[in-house]
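Student: Please read through the structure below; I'll follow up with questions.
The values are calculated or read from the model by the stated rules, or taken from the named source; none is laboratory data. Because the structure is predicted, anything quoted here is derived from the model rather than measured. Neighbour counts run over all protein chains shown; Cβ positions are idealised from the backbone, glycine included.
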Amino acid sequence: MIELYNASLSPINMPFTLLLIIVFIYWILVILGAMDLELEFLPVQGIMHFLNIGEVPFMVVFSIMCLLMWIFSIVSNYYVNPSYSRLMAAGLLIPNIGLSVCMSWLGLQPLKRLFQRFYSDNQESQPIMFRVGKISTQQATPSFGQMMIDSDGPPICINVRTINDTVLYKGDLAIVFDEDKTKGVYFVEAYH
């Protein structure tokens, strides 16, 4: 146990240990009800789609990624880099991140179905067409976006797309005017 403690606090594993501590503090605050953040700052939409961000809450994805990066950092440096060389640790960084992303994707598949069921219970009973809501992702584009619609219960979160290269930004009001049932998305335009 002392080896794990020492490995966690070694300079080459410290960034991942700090990330994991931040995630741990976040979840403690969420459990205590002191925090309700929507952190959406990943700039790469392809990664967001790959990791099911939008279908699984961002902080769940981020927590799993941080945990996996920490585990892979500890294990890889223990077995491959026992002298804790910073150069070797830098070389292990890219494989660590790549492996963490792939393993996160695998681990998120069951959670994706769980959250779809969780959110679909609220959405199935309420009509969506011609409702007004706020864009909840950094942007809503023809290829990506989400919107929150107020309801009698919890807000309804839907996947949205714009048309004609229109871009809507987080907080913008939008109205639903069409639906693509095969892709499970709604088309929106700015609401003034």
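Student: Identify the residue in the stretch 145-167 that is among the polar types (S, T, N, Q) and either at pLDDT 95 or above or part of a loop (DSSP other than H, G, I, E, B) (or both) and, among all such residues, is nearest to the chain's Cα centre (by Cα).
Tutor: Thr162
Student: Within the stretch 168-179, is there a residue that is part of a strand (DSSP E or B), in contact with a helix residue (DSSP H, G or I) (Cβ under 9 Å, 6 or more places away or on another chain) and either surrounded by 17 or more Cβ atoms within 10 Å (Cβ to Cβ) or on the phi > 0 side of the Ramachandran plot (or both)?
Tutor: no
Student: Taking interchain pairs and intrachain pairs at least six residues apart, which have beta carbon atoms under 8 angstrom, with the first residue in the stretch 157-174 and in the same structural domain as Pro57 (by TED's automatic domain parsing) and in contact (Cβ under 8 Å) with a residue 24 or more places away in the chain and the second of a type in the set (S, T, N, Q) and surrounded by 13 or more Cβ atoms within 10 Å (Cβ to Cβ)?
Tutor: Within 8 Å, no pair qualifies.
Student: In the stretch 61-95, what count of residues is obtained for those that are among the charged types (D, E, K, R) and in a loop (DSSP other than H, G, I, E, B)?
Tutor: Matching residues across the stretch 61-95 total 0.
Student: Just to be sure I understand the filter: pairs with C-beta atoms under 6 Å, separated by 6 or more residues or on different chains, first member in the stretch 70-99 and free of Cβ contacts under 8 Å to residues at least 12 places away in the same chain, second member not acidic (Asp, Glu). Which pairs pass?
Tutor: So the pair list comes out as Met88/Asn81.
Student: For Met35, all conditions in the list (1) at pLDDT 85 or above; (2) among the aliphatic types (A, V, I, L, M); (3) over 16 Å from the mean Cα position of the chain (by Cα); (4) surrounded by fewer than 17 Cβ atoms within 10 Å (Cβ to Cβ) hold save one; what is the number of the exception?
Tutor: It fails just one condition, (1).
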